[in-house]
Amino acid sequence: MSDQAAGLSPALTREALGKRRGRWRQYGFYYLMLAPALLGFLVFHYFPMYGVIMAFKNYRFIDGIWGSPWIGLDNFNQLFGDMFFWRILRNTLIISGLHILFGFPAPILLALLFNELANGSFKRVVQTISYLPHFMSWVILSGIMIELLSPSRGALNYVITLFGGEPIHFLANPDTFVGVLVVSHLWQSVGWGSIIYLAAIAGINQDQYESATIDGANRFHQIRYITLPSLVPVMTVLFILNVGGVMNAGFDQIFNLYNPAVYSVADIIDTYVYRIGLIDTKYGFSTAVGLFKNVVALVLVVGTNYIVKRFNEYGIW
């Protein structure tokens, strides 16, 4: 269709093209910086999505994805009829729920405490120490936890026996294993999670604090009536994202800490997929489990965003 037929004069078309070129000249360097990240996202997240058709096939390695026969919803029927699936779904929801219950408010509290530190040098040292676990893999962190909680040589059991107690097998006891997961998750994530809230606190207009001080407000009042309300937009977005990640209970952490003695409380969807897919080579069935998990996660994100926006103006979109 020509510009005249579309109702656009040649002058307006040239002006629009000129503005577009101007934007490319002004922001072209930033687009160039963004390109590798977008390319990586496409290659590792979107292009592999064609593999979800394995969930509807009896996948055989020798036939490939397209050559394997279609079986419809048989993998999903097998999934929902498996008694172990409902156990791992329960475990996933419980562990993720505890992570949110304790892990969501912890970075907020830590950021508020950091913000109240007056000694700059001490503040930087404490912040650095709190960030360090985030940069360690769960292989290293799990090794540290195993040594600390060992019933024969662990520091924690040494203190327990020192006061006359009996050593506790924290990592082999279903009653204590979930607690270990929650505590170690907090240790690994709380410092890094506080960075976002510290950045949000730094953006609050300091005139509000000065006015509150003149009106006689103490530090607690300033936190309650200025800092926390100013953090609501950030808190809302992060809460929605956390709820969307409920189906991811932390594969790396659990895989490096669990053992058959605690499967009843520690076996989650991701570890189940690992065993069924990579060890038992049931690729179609494991793909069906992963697809179910991702669909539920999408519903949770959309649903949580909708509910949150009913109560305030903030959300992901």
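For the condition under 15 Å from the mean Cα position of the chain (by Cα) and not aromatic (Phe, Trp, Tyr), SER211 does not qualify. A search for C-beta distances below 7 Å between a residue of segment 106-129 that is crowded, with 17+ Cβ neighbours inside 10 Å and any residue that is of a type in the set (D, E, K, R), counting only pairs 6+ apart in sequence or on different chains, returns PHE114/LYS123. What residue, among those in segment 278-317 that are of a type in the set (Phe, Trp, Tyr) and in a helix (DSSP H, G or I), is nearest to the chain's Cα centre (by Cα)? The qualifying residue nearest to the chain's Cα centre (by Cα) is PHE292.
Pairing each residue of segment 146-163 that is assigned by TED's automatic domain parsing to the domain that holds PHE177 and farther than 17 Å from LEU257 by Cβ with any residue that is surrounded by 13 or more Cβ atoms within 10 Å (Cβ to Cβ) and among the acidic types (Asp, Glu), provided the two are 6+ apart or on different chains, yields no C-beta distance under 9 Å. Taken together, ALA106, ALA55 contain a single residue that is within 22 Å of the chain's Cα centre (by Cα) and assigned to a helix (DSSP H, G or I), which is ALA106.
Kindly evaluate VAL246 against the criterion of being surrounded by 13 or more Cβ atoms within 10 Å (Cβ to Cβ), among the β-branched types (Val, Ile, Thr) and assigned to a helix (DSSP H, G or I). So VAL246 does not fit the description; no.
Look through ILE254, ILE240, ILE144, ILE140 and report the one residue that is closer than 21 Å to ILE100 by Cβ, at pLDDT 90 or above and not hydroxyl-bearing (Ser, Thr, Tyr).
Every option except ILE254 fails the conditions.
A residue that is under 29 Å from LEU110 (Cβ atoms), part of a helix (DSSP H, G or I) and touching a Gly at 6+ places or on another chain (Cβ under 7 Å) occurs nowhere in segment 252-265.
The values are calculated or read from the model by the stated rules, or taken from the named source; none is laboratory data. Just so it is clear, the structure is predicted and the values come from calculations on it, not from any experiment. Here the Cβ is made from the backbone with ideal geometry for all residues, glycine too, and neighbour counts use every protein chain on show.
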